[in-house]
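Structure first, commentary second.
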Amino acid sequence: MLRQANGTLDVRAPAQGLHPITAEVESWLDAQGFESGLLTLFCRHTSASLLIQENAAPAARRDLERYFERVAPEGAAYEHDDEGPDDMPAHLRSALTQTQLSIPLTGGRLTLGTWQGIYLFEHRRGTPSREIALHLIGE
Amino acid sequence: MLRQANGTLDVRAPAQGLHPITAEVESWLDAQGFESGLLTLFCRHTSASLLIQENAAPAARRDLERYFERVAPEGAAYEHDDEGPDDMPAHLRSALTQTQLSIPLTGGRLTLGTWQGIYLFEHRRGTPSREIALHLIGE
Amino acid sequence: MLRQANGTLDVRAPAQGLHPITAEVESWLDAQGFESGLLTLFCRHTSASLLIQENAAPAARRDLERYFERVAPEGAAYEHDDEGPDDMPAHLRSALTQTQLSIPLTGGRLTLGTWQGIYLFEHRRGTPSREIALHLIGE
């Protein structure tokens, strides 16, 4: 019998960059007791985003962070700059990555590949915790 | 009891750039009478896309538009240019943003954050209306 | 009566670039016998991704491939380079495109637009086959 569940994940990202949230997501998922279905994560912010990326090599994550710092840099001439130099780059980096991710579930587990981890990509400095809305449908 | 609904949103974007569609989406959603679930928007085009972004500061939206004009510019040497100078940049800007967005629903409302708006990102000039397929599942 | 189905698509992409998978996806879909619902594709890799793009003009796909080669180039100074020069660019190009796509289904068919095709975007050379997890919910 299909059913659904809703939840919220509060993530405190103490610095800019990729913060792993796979364990917190799986912990919430386990508590719902679903065997199969579809999990959706929705980031409720426009200056932080979601990304599925390499979970083993920290150097790959640092290269990713540096890449987005370079293609959407602070210090460019933005019209919108009253919230600080990290604000407009944060919107751009969010637009280039994901606000939402959906992941199928089989055998009670996410179908993530061996090298895939789920990350909150924090683009601002000194933010309070971020909210990720969760939705699960299946059985 | 879980159920689903399908719909289509026709959006007329009179110029290139970010066009707010949150109100139209919520209006369709209200008519379906769901309390919780998952709403999916799917843009049926490859030269327009979807984006969730800042809903308060028009300057932030103008910076976003200028950014994508700069990173996927008209006037670059594209092989595919028989449909006009705005065509290939439109495909590139679509590839860099979203064709599809899914948003959880709780308490009869989308779980959008305070500063989040849904936008059709029109990348071409003088297009007819665009079609966004809608799917809702929940109860 | 709502129900769901899970599956896996194995895709062999013999070279870097956009490989059409619409036919394979539709073939799996037809075998499930759903009339309406939501199909989700999830790429189980961090160096290959998914994209919905122009299905008619090969020149547009070649421009897309060249664009991503240019904005996330091989030969840049990456810290993570022990898996070959195509590895870090592959992660970057994946981050800029999609790991997951969901497409509504009506009348037994995907709501793809006339010019939309589904592609596996292979970013590495000489990879074995790639796995795409499939989830379908509807009736």
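Exactly one of (1) farther than 23 Å from B:LEU50 by Cβ; (2) open to solvent by 20 Å² or more (accessible area, probe 1.4 Å); (3) within 14 Å of the chain's Cα centre (by Cα); (4) among the hydroxyl-bearing types (Ser, Thr, Tyr) is unmet by C:THR22. Its number?
(1)
If we scan region C:32-53, do we find a residue that is over 12 Å from the mean Cα position of the chain (by Cα), under 16 Å from C:TYR119 (Cα atoms), not in a strand (DSSP E or B) and not aliphatic (A, V, I, L, M)?
no
For region C:25-68, enumerate the residues that are open to solvent by 40 Å² or more (accessible area, probe 1.4 Å) and either polar (S, T, N, Q) or within 20 Å of B:THR46 (Cα to Cα) (or both).
Hits for region C:25-68 are C:GLU26, C:SER27, C:GLN32, C:ASN55, C:ALA56, C:PRO58, C:ARG61, C:ARG62, C:GLU65, C:ARG66.
Tell me which residues, restricted to region C:116-127, are modelled with pLDDT of 95 or more and closer than 17 Å to C:ARG44 by Cα. Working first, answer last.
Taking region C:116-127 as the starting set, the residues that turn out to be modelled with pLDDT of 95 or more are C:116-124.
The answer is C:ILE118, C:TYR119, C:LEU120, C:PHE121, C:GLU122, C:HIS123, C:ARG124.
Quick test for you: out of B:SER36, B:SER94, B:SER102, B:SER49, pick the one residue that is farther than 29 Å from C:ARG61 by Cβ and among the hydroxyl-bearing types (Ser, Thr, Tyr). Talk me through it step by step, then tell me what you get.
Numbers: B:SER94 fails: farther than 29 Å from C:ARG61 by Cβ; B:SER102 fails: farther than 29 Å from C:ARG61 by Cβ; B:SER49 fails: farther than 29 Å from C:ARG61 by Cβ.
Within the list B:SER36, B:SER94, B:SER102, B:SER49, the selection yields B:SER36.
Can you tell me which condition C:GLY75 does not meet? The list is (1) assigned to a loop (DSSP other than H, G, I, E, B); (2) open to solvent by less than 40 Å² (accessible area, probe 1.4 Å), and all the others hold.
Unmet condition: (2).
Name the pairs whose Cβ atoms lie under 7 Å apart, with the first residue in region B:68-96 and facing chain C (nearest Cβ under 8 Å) and of a type in the set (Gly, Ala, Ser), the second open to solvent by 10 Å² or more (accessible area, probe 1.4 Å) and part of a helix (DSSP H, G or I), and 6 or more positions between them or separate chains?
Close Cβ pairs (under 7 Å, with a partner that is open to solvent by 10 Å² or more (accessible area, probe 1.4 Å) and part of a helix (DSSP H, G or I)) amount to B:ALA72/B:ARG93.
Is it the case that some residue within region B:93-115 is farther than 21 Å from A:GLN100 by Cβ and either charged (D, E, K, R) or at pLDDT 95 or above (or both)? Step through it out loud before you land on a result.
To start, the set of residues in region B:93-115 that are farther than 21 Å from A:GLN100 by Cβ comprises none.
No.
The values are calculated or read from the model by the stated rules, or taken from the named source; none is laboratory data. None of these values were measured; they are calculated from a predicted model. Don't worry about glycine lacking a Cβ; one is built from the backbone with ideal geometry, like all the others, and counts go over all protein chains shown. For accessibility, only protein heavy atoms count, side chains too; no ligands or nucleic acids. Shrake-Rupley method; radii C 1.70, N 1.55, O 1.52, S 1.80 Å.
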